[in-house]
Amino acid sequence: MSARILVVGGGLAGLLAARRHQRAGHRVVLLEAEDRLGGAVAELALPGAGDLALNAGAEAYSTASGAVDALVAQLGIADRVVFPRAGLGSRIVSAAGVHRAPAGALLGVPGRPLAADVRAVLGWPGALRAALEPLLPARVGARPGATVAETVGRRMGRRVLERLVAPIVGGVHSADPAELELAAASPQLATGLFEHGSLVRTVRRLRGTGRRGGTGRRGDAGRTAGASAGTRVHALAPTMAALPAALREELLAGGGIVRTGVEVTGLDREGEPWRVDTARGEQLEADRLVLACPPDTARSLLAGAAPEIAEAIPETPSAAVRLVALVLDAPALDSHPSGTGALVAPGTPGIRAKALTHASAKWEHVERALREALPSAASPHLVRLSYGRPGEQLPGREEFVDLALADASAILGTPLTRSRLADWAVIDWDRAMRRPRPGHRAALDALASLLEARDDLELVGSWRAGTGLDAIVRADDARAAAAQAPQTTPISPTAPTEGTPR
């Protein structure tokens, strides 16, 4: 029998949930408080650069599982898929300098600690210390709820933690390794340590790297098996906003209702069905409710209608992130001095940015769009920097362009001043990123057990699935599979294997 499904939240998780229920034959209404869909998948036009469209949020997706590529094909937009420019790789910036990011790593943990690219970052002492990790007892650093810093520091040493892992945890997860649970950051590493007794052995199995690295296979999968994380991604042209747009079109074509600018203010579950109040004074009814909103919002909405569920939602503080996009006319960047981009270790002298993406180096379609938008520029480039480390106080928006230029100059190794600037934009994401606290994975498992007992409520989002588009799509795929073949154990969506360097 067709059910009335109400989805609260129009980010990627909400759009996917609406699509899943619609494909199951249900009537779907999606409400989004903002005036656009997509959440952190957003587009921005720069008027000073010929209205160039750029990614204001997520700029790519991991190809680790193939889940997003499969979704893109189903939506009929596979012709928009683009690949990073080959051969560039990404960089790691630390007190040790600027180095090519080691290939075949996971969350920064190297599969071959003695490889030349790892030694360049760690030095021989750090590499030798890391190489001893497989000899340690599996119990070292492996207690339940252990943080990234506890496990990696104890098993692989301070240099791996500070120079390889911390840049990824900070740049991708916007978190401090000392506060982020390993099982939340990378369930595959945590599970692999239990199963194989070693982080290094786990990375080798997952990344397909042997003594000489790589798998020898051809094609995209083989090409990226031993590549740096910045190249194990795909994107959509002209921007990633094509993904939520395609999801919206499919929902509407199937008879779904999508409304933006509608804030949900209250829920009532006395009897049947759900009653949902909006800021417009409406009261809507639904047989099943899907909350695809931030965890604090879900907790507040459910406090009266489902207090046990509300109390089980783990505290996951938001991490404010500020992005600065710089459009530059700079011939010195034609050589792509930092490859596709760089992740910066905390405490690196003279640099406050935590990540940089050289978008026009990484993506050839961005380079073409820049040349079309700025025909008079000799060497147009798009560079995007990310800020917002835990506890960091950021300067005002107007001061950011000079800070970004100084940081870009240091990372890229070439002076960049306002005279090179064609346009710029500051983009704030106050609630898009979450910092899971220690115990987050256990809390999610407990929440999943409570939700399994009822068929009228569903909670989705990156706070459950993990960071990255791939994680969100995989979590939705898991729910779709479970609906077709009911399981006896609760679904616990897993976080991504690794995020994407900016």
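The values are calculated or read from the model by the stated rules, or taken from the named source; none is laboratory data. The model shown is predicted, which means the values in this text are computed figures rather than measured ones. Positions of Cβ are backbone-derived with ideal geometry, glycine not excepted, and every protein chain shown enters the neighbour counts. The area values use the complete protein model at the heavy-atom level, side chains included, leaving out ligands, DNA and RNA. Shrake-Rupley method; radii C 1.70, N 1.55, O 1.52, S 1.80 Å.
Near the amide H of residue 422, within less than 5 Å, lie the amide hydrogens of 327, 328, 329, all on another chain or at least 5 residues away, with H placed in the peptide plane.
Can you tally the net charge around residue 40? Count Lys and Arg as +1, Asp and Glu as -1, for every other residue whose Cβ sits under 12 Å from the Cβ of residue 40.
Details: positive: 36, 431, 434; negative: 34, 43, 59, 428, 430.
So the environment of residue 40 carries a net charge of -2.
With a ≥ b ≥ c taken as the square roots of the eigenvalues of the C-alpha gyration tensor of segment 281-326, please select rounded if a/c is under 1.5 and otherwise prolate if a/b is larger than b/c or oblate if it is not?
Note, shape of segment 281-326 comes out oblate.
Subtracting the Cα-Cα distance of residue 120 and residue 393 from 0.36 nm times their residue separation leaves 95.1 nm of extension gain. Starting from the Cα of residue 24, step 7 Å toward the Cβ, then list every residue of segment 286-323 with an amide N under 16 Å from that point. Counting only backbone N, you get 286-292. Specify whether the C-alpha gyration tensor of segment 1-68 places it in the rounded, prolate or oblate class, a ≥ b ≥ c being the square roots of the eigenvalues: rounded for a/c under 1.5, otherwise prolate if a/b is larger than b/c and oblate if not. Because a/c hits 1.5 or more and a/b fails to exceed b/c, segment 1-68 counts as oblate. Rounded to the nearest 5, what % of DSSP beta bridges with both residues in the chain are antiparallel? Of the beta bridges lying entirely in the chain, close to 70 percent run antiparallel. Near the amide H of residue 434, within less than 5 Å, lie the amide hydrogens of 319, all on another chain or at least 5 residues away, with H placed in the peptide plane. Taking 7 Å steps out from each Cα toward its Cβ at residue 139 and residue 296 produces label points 4.0 nm apart. The order of 463, 124, 429, 424 by accessible area, most exposed first and with a 1.4 Å probe, is 124, 424, 429, 463. Phi angles across segment 355-364 convert, under the Karplus curve 6.51 cos²θ - 1.76 cosθ + 1.60 with θ = phi - 60°, into 3J(HN,Hα) values of 7, 9, 10, 8, 4, 6, 7, 6, 10, 5 Hz, Gly and Pro given as x. The Cα-based radius of gyration and maximum Cα-Cα distance (Dmax) for segment 1-138 are 22.1, 65 Å. For residue 457, the residues 5 or more places off, or on other chains, whose built amide H falls under 5 Å of its own are 289. DSSP beta bridges confined to segment 1-95 are antiparallel in about 40 percent of cases. Relative contact order of segment 40-111: 14 percent, from C-alpha pairs under 8 Å at least 6 residues apart in sequence. Counting only protein heavy atoms and a 1.4 Å probe, segment 1-60 has 37 square angstrom of accessible area per residue.
Other residues whose C-beta falls under 11 angstrom from the C-beta of residue 195 contribute a net charge of +2, scoring Lys and Arg +1 and Asp and Glu -1. Couplings 3J(HN,Hα) of segment 90-99, computed from phi: 10, 10, 10, 10, 8, 4, 7, x, 9, 9 Hz, in residue order, whole Hz [Karplus 6.51 cos²θ - 1.76 cosθ + 1.60, θ = phi - 60°; x for Gly and Pro]. Element breakdown for segment 234-283 at a 1.4 angstrom probe: carbon and sulfur atoms account for 43% of the accessible area.
Derived scalar couplings between HN and Hα for segment 125-141 equal x, x, 5, 5, 4, 5, 5, 7, 4, x, 7, 6, x, 4, 6, 5, x Hz in order, rounded to whole Hz, by the Karplus curve 6.51 cos²θ - 1.76 cosθ + 1.60 (θ = phi - 60°), x for Gly and Pro. The structure shown yields percent of Cα pairs over 34 Å apart, and of the options (i) 51; (ii) 36; (iii) 55 that calculated value carries the label (ii).
Which net charge results when you count Lys and Arg as +1 and Asp and Glu as -1 among the other residues whose beta-carbon is under 13 Å from that of residue 287? Can you show the working numbers first?
Numbers: positive: 4, 27, 269, 275, 288, 454; negative: 272, 285, 455, 456, 458.
Summing Lys and Arg as +1 and Asp and Glu as -1 gives +1.
For segment 119-189, with all protein chains in place and a probe radius of 1.4 Å, 58% of the accessible heavy-atom surface sits on carbon or sulfur.
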